Amino acid sequence: MNSTVRLAAALAVAGAAAAIGTWILARIWTPQPRDPREVERMRRLDLTRRGRITAGTIVDVVEAEQETGTARTVVYKYEVAGVTYETSQDVSWMEDGGSDTQFLLGQAANVKYDTRKPVNSIIAAEEWSGLPKPFAHQGHSPSGKSNG
């Protein structure tokens, strides 16, 4: 009987250790929710570093009042391998927030896109801008501090 009790205790300890180990692994491997702004910032930086540049055209500028200020979105189109893409990017994070955006309509711009997935593109990022001057914000980060 003594060996039965020891065996039961050993199985209980092993079961508890397995449960704790499973919980720890689940916590490590389960993706944690990330801030959508940080995800978008990382996407922009990735495209800044490895994206290919092509010519594009600014189609529209959409402005919407929000509690945090005016949200500005630039709608643009570009062509890659005979396929025309039309997409948009929120540029509210830019230092000047795109304060004078109406002159952009119809203007030529540079677009950076992912060569493996051309629909993934940007028209501006923290370290690069394809927007026409004076709208381009070269050297400025969303925090408002100069990068160079």
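The values are calculated or read from the model by the stated rules, or taken from the named source; none is laboratory data. Computed from a predicted structure; not experimentally measured. Cβ placement follows ideal geometry from the backbone for every residue including glycine, while neighbour counts extend to all protein chains displayed.
Of note:
- Within the stretch 56-73, residues that are closer than 14 Å to TRP93 by Cβ have Cβ atoms under 8 Å from residues that are among the polar types (S, T, N, Q) and assigned to a strand (DSSP E or B) in these pairs: THR73/SER88; THR73/GLN89, counting only partners at least 6 apart in sequence or on another chain.
- Taking the criterion of being among the hydrophobic types (A, V, I, L, M, F, W, C) and either part of a strand (DSSP E or B) or in contact (Cβ under 8 Å) with a residue 40 or more places away in the chain (or both), the residues of the stretch 37-55 that qualify are LEU45, LEU47, ILE53, ALA55.
- Hits in the stretch 23-36 (condition: assigned to a loop (DSSP other than H, G, I, E, B) and of a type in the set (Lys, Arg)): ARG34
- Scanning the stretch 69-101 for residues being in a loop (DSSP other than H, G, I, E, B), at positive phi, modelled with pLDDT under 90 and exposed (fewer than 14 other Cβ atoms within 10 Å of the Cβ) gives a total of 0.
- Candidate set from the stretch 105-148 (those that are of a type in the set (Phe, Trp, Tyr) and more than 14 Å from the chain's Cα centre (by Cα)); member that is modelled with the lowest pLDDT: PHE135
- Residue list for the stretch 56-68, restricted to those being of a type outside the set (S, T, N, Q) and assigned to a strand (DSSP E or B): GLY56, ILE58, VAL59, ASP60, VAL61, VAL62, GLU63, ALA64, GLU65
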